[in-house]
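What follows is a short report on a single structure.
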Amino acid sequence: MIHQLEPLPYAYDSLEPHVDALTMQIHHTKHHQTYIDKLNAALQDHPKYMEIDPAALLMHLEEVPDTIRTAVRNHGGGHVNHSFFWPILKKNVPLAGTISEAIDRRFGSHDNFKKEFKTAATLLFGSGWTWLVVDKGKLEIMTTANQDSPLSLRKTPIIGLDVWEHAYYLKYQNRRPAYIDAFFNVINWEKIDELYQAAG
Ligand code: MN3
């Protein structure tokens, strides 16, 4: 078994104008594919690890052999993070349900959640991700560098925003805050609610 790129659950242009079709296409077919190719290359001499769900490898990096641990962390992380990212994107899904109440309880309001998430994503230096995670039953905003996953810290992601420049440069160039604002228009809150309930 080798890891393979799954098709997106929607058309590349379906997040326009917030995230442009060319960015989505290159991000999926080139960047995500490259993480998968490099993960497969690292695992090719370790068939036992090839059979394990990459998310499970990230949860137990200390058990992965030294010789491939960095590759699993970076490229396995890239694969798992992007596989998580695509389905949480969808236009025009209102925030509702259990997650809506939980965000109000934890952050005071939806607007305050957005403000705190945007601050974290804007201040993240270099390449990485901004997350909303469930950590011991509590919602927390956190960031990770590079392709590090909250799973490696035993936290369950329910929102993840890719803030590598490859995720936004074609349309937003250096304007990361504008890309973060655009992201708030394409959060698939229905999916987030499912993930939140599963994490609870
Ligand atoms: Mn990316």
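The values are calculated or read from the model by the stated rules, or taken from the named source; none is laboratory data. The model shown is predicted, which means the values in this text are computed figures rather than measured ones. For neighbour counting, all protein chains shown are included, and Cβ atoms are generated from backbone atoms with ideal geometry for every residue, glycine included. SASA here: full protein model, heavy atoms, side chains in, ligands and nucleic acids out. Shrake-Rupley method; radii C 1.70, N 1.55, O 1.52, S 1.80 Å.
What to note about this one:
- A full extension of the chain between TYR10 and THR70 corresponds to an added length of 18.4 nm, given 0.36 nm per residue minus the alpha carbon distance.
- When the helices of the chain are scored as -39500 (n - 2.57) per DSSP H run of n ≥ 4 and the total is divided over every residue, the value at 222 nm lands at -12500 deg cm²/dmol.
- Local net charge near GLY137, Cβ-Cβ under 13 Å (Lys/Arg +1, Asp/Glu -1): +4
- A simple count of charges around VAL93, restricted to other residues whose Cβ falls under 10 Å of its Cβ and scoring Lys, Arg +1 and Asp, Glu -1, yields +1.
- Pairs from LYS30/LYS118; LYS114/LYS191; LYS91/LYS155; LYS91/LYS171; LYS91/LYS191; LYS90/LYS115 whose Cα-Cα separation, in the structure shown, is over 22 Å: LYS30/LYS118; LYS91/LYS155
- Projected over every direction and averaged, the convex hull enclosing the alpha-carbon atoms of region 127-190 yields 4.6 nm².
- The value given for region 21-88 is a Kirkwood hydrodynamic radius of 12.3 Å, derived from the mean inverse Cα-Cα separation.
- Rounded D (µm²/s) - the chain, Kirkwood Rh over Cα pairs, Stokes-Einstein at 37 °C, 0.692 mPa s: 189
- Neighbourhood charge, 11 Å Cβ-Cβ cut-off, centred on SER83 and excluding it, Lys, Arg +1 and Asp, Glu -1: -2
- Region 21-88 - percent of accessible surface contributed by carbon and sulfur, probe 1.4 Å: 55
- Region 100-116 versus region 56-90: alpha-carbon centroid distance in Å: 29
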